[in-house]
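Peer 1: Could you have a look at this structure, given as structure tokens, before my questions?
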Amino acid sequence: MFSALQQKALHVRVFSLALPMVLSNITVPLLGLVDAAVIGHLDHAWYLGGVAVGSTMIAVTFWLLGFLRMATTGLTAQAWGGKDSAGLANVFLQGVTLAWLLAAVIVAIHPWVSDTVFHFSDASEQVKRYANEYFSIRIWSAPAALTNLVIMGWLLGAQNAKKPMMLVIIVNLVNILLDLLFVVVLDWKVQGAAAASVIADYTGMALGLFFVAKVWASAALPSPWAQWKKSSAGMGRLLKLNRDIFLRSLCLQLAFTFMTFQGATLGDDVVAANAVLMNFLMLVSFAMDGFAYAMEAMVGKAIGAKDREELLATLSATTLWSFVISLFITLAFLMGGQGIVGVISDIPAVREQAAIYLPWLIAMPLVSMWCFLLDGVFIGATRGREMRNTMFASMAGFFAIWWLLSDMDNHALWAAMLGFMALRGITLGAVFVYQWRRDVFLSPAH
């Protein structure tokens, strides 16, 4: 293990996969800021409220379908490590087929979804009107957005993180430029913001398919048209993996949603402070997700090649750098946390509340790094069942901690969130150690 850490090429490989994904993640909140700035300068607040609600509905929908990227990364990496050309082709074709089927379902049921959401919403009629307008246009990007998830997962599994980075950055840049053109110049208001996102997603899909075609040709993969007829083989494994990752993601979303809504019952200052502090958690996830993505690709490749030494080296190097980055973020939060809070909000009451709960965030990076890393390990190993079951246990722990400490109000929520992150790492770690000792972890899950 220690000899592996002395290999310069190993560290270069980790960063060549991790850094592009960190950089691409950073462009996502930038797009949100530009959307808010452009729409926020229109003459009524309900435009911004409508875009905020509509884009949240879209974001949650697409985030829950993020299993398309995760499953594709793990399966592609294993096929790449095993030098399985037919398998590489099958994973991509199966992923795209599933993405388009899901997109068709989403487009078909979106009127019912919007009616249901707005029925239970307390937003004003104007906000509901513009949120529905945004959602009804933006939903037509589903085929492209879901295909892009498959494209990103496939390219990353093929050990290429630069092209997914370029894809995300270009999509966001096109979106920003079209936002300015449609909303500021042409005055299309909410419709312009939605149309900009739709066009950007299809631009990304076209670029992504071009990237895939280049890798396809360089790897001399079978003709996609001929392979398509054979691609149904193994579809059951893909569906099962996607099901398990979806259930895991649903539990994760449930925990974060509960924290938001329960925090809202504690007063405006508390919910505002929690919103500020969630930006800290987002920063942790941006940094750790990059290394989790690297872990997915490298672990999958090692398992596909059935190379125990490469797998050990991957785990050692990625864990080392994740710890270093987590320690750096912890020190940054410790020394400059209150300053960061001041940049995000200049409201005295909000800053005071955020300072009270900041210690929970200072502890978060070093506690949560393990769940991010182990997520990457189990996605690379395509062990979705274990991810699902440990998430069920961790979510139960989240609600148990909150209930036991409920007299502590907002401290109970943050204790539950910290415990939730810790439990995810502990349960996945225990499963990993058990499977490693039984010498079954190198075998791809079925």
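Peer 1: Hey, among LEU167, LEU178, which residue is under 21 Å from LEU23 (Cβ atoms), surrounded by 19 or more Cβ atoms within 10 Å (Cβ to Cβ) and at pLDDT 90 or above?
Peer 2: Working: LEU178 fails: under 21 Å from LEU23 (Cβ atoms).
Testing whether each residue is under 21 Å from LEU23 (Cβ atoms), surrounded by 19 or more Cβ atoms within 10 Å (Cβ to Cβ) and at pLDDT 90 or above leaves just LEU167.
Peer 1: Regarding GLY204, is this residue touching a Pro at 6+ places or on another chain (Cβ under 9 Å), of a type in the set (Gly, Ala, Ser) and either open to solvent by less than 40 Å² (accessible area, probe 1.4 Å) or at positive phi (or both)?
Peer 2: On the way: touching a Pro at 6+ places or on another chain (Cβ under 9 Å): no; of a type in the set (Gly, Ala, Ser): yes; either open to solvent by less than 40 Å² (accessible area, probe 1.4 Å) or at positive phi (or both): yes.
Against the criterion (touching a Pro at 6+ places or on another chain (Cβ under 9 Å), of a type in the set (Gly, Ala, Ser) and either open to solvent by less than 40 Å² (accessible area, probe 1.4 Å) or at positive phi (or both)), GLY204 does not qualify.
Peer 1: Here's a follow-up. For the range 41-71, how many residues are part of a helix (DSSP H, G or I) and under 30 Å from ARG237 (Cα atoms)? Steps first, please.
Peer 2: Let us first name the residues in the range 41-71 that are part of a helix (DSSP H, G or I), namely 45-64, 67-71.
Filter again for under 30 Å from ARG237 (Cα atoms), leaving 57-64, 67-71.
Summing the residues that are part of a helix (DSSP H, G or I) and under 30 Å from ARG237 (Cα atoms) in the range 41-71 gives 13.
So that you can scan it fast, the table gives a plain yes or no per residue for (1) modelled with pLDDT of 90 or more; (2) part of a helix (DSSP H, G or I); (3) buried (at least 22 other Cβ atoms within 10 Å of the Cβ); (4) touching a Phe, Trp or Tyr at 6+ places or on another chain (Cβ under 9 Å):
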| site | (1), (2), (3), (4) |
| --- | --- |
| GLY342 | no, yes, no, no |
| MET364 | yes, yes, yes, yes |
| GLY376 | yes, yes, yes, yes |
| THR390 | yes, yes, yes, yes |
| ALA396 | yes, yes, no, no |
| TRP414 | yes, yes, yes, yes |
| PHE420 | yes, yes, yes, yes |
| GLN435 | yes, yes, no, yes |
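Peer 1: What number of residues within the range 98-135 satisfy the criterion of being in contact with a Ser or Thr (Cβ under 6 Å, 6 or more places away or on another chain) and open to solvent by 30 Å² or more (accessible area, probe 1.4 Å)? Working first, answer last.
Peer 2: The initial filter retains those residues of the range 98-135 that are in contact with a Ser or Thr (Cβ under 6 Å, 6 or more places away or on another chain), namely 99, 132, 135.
The next check asks that each one be open to solvent by 30 Å² or more (accessible area, probe 1.4 Å); those that pass are 132.
So the answer is 1.
Peer 1: Do we find that PHE333 is at pLDDT 80 or above, of a type in the set (Phe, Trp, Tyr), over 28 Å from GLY263 (Cβ atoms) and open to solvent by less than 10 Å² (accessible area, probe 1.4 Å) in this structure?
Peer 2: Working: at pLDDT 80 or above: yes; of a type in the set (Phe, Trp, Tyr): yes; over 28 Å from GLY263 (Cβ atoms): no; open to solvent by less than 10 Å² (accessible area, probe 1.4 Å): yes.
Taking the combined requirement at face value, the residue does not satisfy it.
Peer 1: Okay, moving on. Can you name the condition, by its number, that ASP439 falls short on among (1) of a type outside the set (Ser, Thr, Tyr); (2) open to solvent by 30 Å² or more (accessible area, probe 1.4 Å); (3) part of a helix (DSSP H, G or I); (4) more than 11 Å from ALA255 (Cβ to Cβ)?
Peer 2: Among (1) of a type outside the set (Ser, Thr, Tyr); (2) open to solvent by 30 Å² or more (accessible area, probe 1.4 Å); (3) part of a helix (DSSP H, G or I); (4) more than 11 Å from ALA255 (Cβ to Cβ), ASP439 violates only (3).
So that you can scan it fast, the table gives a plain yes or no per residue for (1) in a loop (DSSP other than H, G, I, E, B); (2) under 30 Å from ASP84 (Cβ atoms):
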site: SER114; (1), (2): no, no
site: SER136; (1), (2): no, no
site: ASP187; (1), (2): yes, no
site: GLN191; (1), (2): no, no
site: ALA220; (1), (2): yes, yes
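Peer 1: Limited to the range 222-234, what total is found for residues that are within 29 Å of the chain's Cα centre (by Cα) and modelled with pLDDT of 75 or more? Working first, answer last.
Peer 2: Looking only at the range 222-234, we keep the residues that are within 29 Å of the chain's Cα centre (by Cα), and these are 224, 228, 231-234.
In the following step, the residues that additionally are modelled with pLDDT of 75 or more were identified as 224.
Going through the range 222-234 one residue at a time, the tally reaches 1.
The values are calculated or read from the model by the stated rules, or taken from the named source; none is laboratory data. Everything numeric here is computed off the predicted structure, so don't read it as measured data. Every residue, glycine as well, gets a Cβ built from its backbone with ideal geometry; the counts of neighbours run over all protein chains shown. Only protein heavy atoms, including side chains, enter the accessible area calculation; ligands, DNA and RNA are left aside. Shrake-Rupley method; radii C 1.70, N 1.55, O 1.52, S 1.80 Å.
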